[in-house]
Amino acid sequence: LVLDEADEMLRMGFIDDVEWILEQLPEERQLILFSATMPKEVLKISKNYMNKPKKIQVDSNNEGAKDIEHNYYLVSSIKDKYQALRRICDINPHIYGIVFCRTRRESKDISAKLLQDGYNADSLNGDLSQPQRDQVMGRFRKKQIQLLIATDVAARGLDIPVIKHVINYDLPQVPEDYIHRIGRTGRAGKDGSALTFLASNDRNMWRS
């Protein structure tokens, strides 16, 4: 049994389901946990359901890829973030990346505003059905969409090697999720850029 991105499953409330599955397994088994971060909840699973587990770590704890340039932009207030995003799009007319928001509604609103203002964008969030997600992702992979406005549903599992920019319109709720988000760029040996908008009330989370 392979548990990939185990910490995300726990955070989404699947802990009871995960434990039920583990309890149904035969005693003789192979169990492998994969995760970009290793919080205490995942370590607890390894302690409870694994026999003398071996830890294989391919990089330092909770660090992003080395080939990503990190920058942040200070904005006067939350409402100024949209104008900052437009300015970045204007400076980079061939921009191709993902813009991460905190809520589904915000992802849809920003996508609608960008389209109304003549930018090439679409949204990806948990309100979409799987066929709808597949359709949006298919267009994004073909570069028919330049900016994918997404919630953290897109922070994991997407492997598109040529994504150049990840923009944190909002900071994630959990510091470790920053690593997952920016992990969408700088893949397969290519460099990438992580941009973050910070209003005054974001400073403490940014330090974290």
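Check region 174-184 and report whether any residue there is in contact with a Gly (Cβ under 7 Å, 6 or more places away or on another chain) and among the β-branched types (V, I, T). Yes; the residues of region 174-184 include at least one that is in contact with a Gly (Cβ under 7 Å, 6 or more places away or on another chain) and among the β-branched types (V, I, T).
Please verify whether region 109-123 includes one or more residues that are within 18 Å of K164 (Cα to Cα), loosely packed, with under 14 Cβ neighbours inside 10 Å and of a type outside the set (D, E). No: zero hits.
In region 135-152, the residues that are over 10 Å from D122 (Cβ atoms) and of a type in the set (D, E, K, R) reach residues that are open to solvent by less than 10 Å² (accessible area, probe 1.4 Å) and at pLDDT 90 or above with C-beta atoms within less than 7 angstrom, at least six apart or across chains, in these pairs: D152/F100.
Note on region 134-161: among residues that are among the β-branched types (V, I, T) and either out of contact with any strand residue (DSSP E or B) (no Cβ under 6 Å at 6 or more places or on another chain) or open to solvent by 50 Å² or more (accessible area, probe 1.4 Å) (or both), the one that is modelled with the highest pLDDT is T151.
Identify the residue in region 189-208 that is surrounded by 15 or more Cβ atoms within 10 Å (Cβ to Cβ) and of a type outside the set (G, A, S) and, among all such residues, is farthest from I95 (Cα to Cα). Step by step, filter region 189-208, then rank; the result is M205.
In the condition set (1) modelled with pLDDT under 85; (2) over 30 Å from K143 (Cβ atoms); (3) open to solvent by 90 Å² or more (accessible area, probe 1.4 Å), E23 is compliant with all but (1).
Taking region 37-82, which residues are out of contact with any strand residue (DSSP E or B) (no Cβ under 9 Å at 6 or more places or on another chain), open to solvent by 100 Å² or more (accessible area, probe 1.4 Å) and either within 28 Å of I95 (Cβ to Cβ) or at pLDDT below 80 (or both)? Selection gives K40, V58, N61, K66, S76, K79.
The values are calculated or read from the model by the stated rules, or taken from the named source; none is laboratory data. The structure displayed is predicted, hence computed values, not measured ones. Ideal geometry is used to build each Cβ from the backbone, glycine not excepted, and the neighbour counts take in all protein chains shown. Accessible surface areas use protein heavy atoms only, side chains included; no ligands, DNA or RNA. Shrake-Rupley method; radii C 1.70, N 1.55, O 1.52, S 1.80 Å.
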